[in-house]
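**Q** Pasting a structure here, questions to come.
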Amino acid sequence: FPSHDIVCKWGCLDVDVYNLDHKELITKIKNKNLPLIVFKSKSGGAHIFLFVKEFVPASLVREKLKTMAAMLGHAGKELFPKQDYILADKNQVGSWLNVPYHGGDNSVRRALGDNAELLTIEEFFKLHDQKVLSEKDLIQWKETITTENEDLLEAPPCLVTLLSDKGPIVTGK
């Protein structure tokens, strides 16, 4: 089947948790130094965006977002774009997501600041300029593994994240 690689300038992790503690999520993103911006979704959950300066392959954005989602304890959540390529002969056009700030500063779909306060569009653009990555930065981005448990230093990042977020594990020792 003929296909076309998809390129994009942003990706989004869709967290449909309606009792989500947005401030806790933002703090976790900040503590892990992730280049992400949290937006409140229409349903009260979160759309967590990764922005890139240039058009890059969607597969790259999806790969990095999957890792960041695991670091945040949200592995397996819906990602946008949803695909790495489209089948042109099947008239596929890719995925879509409701745009933030539709309706301006009156929208509920707005970026959130450090204390989970709704940001104006001007405040969002300032935050965007701090977080947006170049293609090179995105390619080179790697998760930083931090753990006080020396036994986990060589473990896969997803396991370290899971164990650090869930507390101690009881072993047979």
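The values are calculated or read from the model by the stated rules, or taken from the named source; none is laboratory data. These numbers come from a predicted model, not from an experiment. Cβ placement follows ideal geometry from the backbone for every residue including glycine, while neighbour counts extend to all protein chains displayed. Each accessible area value is taken on the protein alone, full model and side chains, heavy atoms only, with ligands, DNA and RNA left out. Shrake-Rupley method; radii C 1.70, N 1.55, O 1.52, S 1.80 Å.
**Q** Structure shown: which of K9/K136; K9/K90; K9/K32; K77/K126 lie over 20 Å apart, alpha-carbon to alpha-carbon? Walk me through the numbers on the way to the answer.
**A** Details: K9/K136 13 Å; K9/K90 24 Å; K9/K32 22 Å; K77/K126 27 Å.
Checking Cα-Cα distances, K9/K90; K9/K32; K77/K126 exceed 20 Å.
**Q** Using a 1.4 Å probe on the protein chains only, how many percent of the accessible area of region 1-91 belongs to carbon and sulfur?
**A** 48
**Q** A follow-up question, please. Once the convex hull of the alpha carbons of region 106-145 is built, what does its volume come to per residue, in cubic angstrom?
**A** 105
**Q** Sticking with this structure for a sec: Dipole of region 24-118, Cα-centred, from +1 at each Lys and Arg C-beta and -1 at each Asp and Glu C-beta, to the nearest 20 debye?
**A** Using Cβ point charges on Lys, Arg, Asp and Glu, region 24-118 gives about 140 debye.
**Q** Please list I37, I86 from largest to smallest accessible area, probe radius 1.4 Å, with all protein chains kept in place.
**A** Largest accessible area first, the list is I86, I37.
**Q** For region 7-93, what's the relative contact order in percent, using C-alpha pairs closer than 8 Å and at least 6 residues apart?
**A** Computed value for region 7-93: 38 percent relative contact order.
**Q** Quick one: how many Å² of H22 are accessible to a 1.4 Å probe, rounded to 10?
**A** 20
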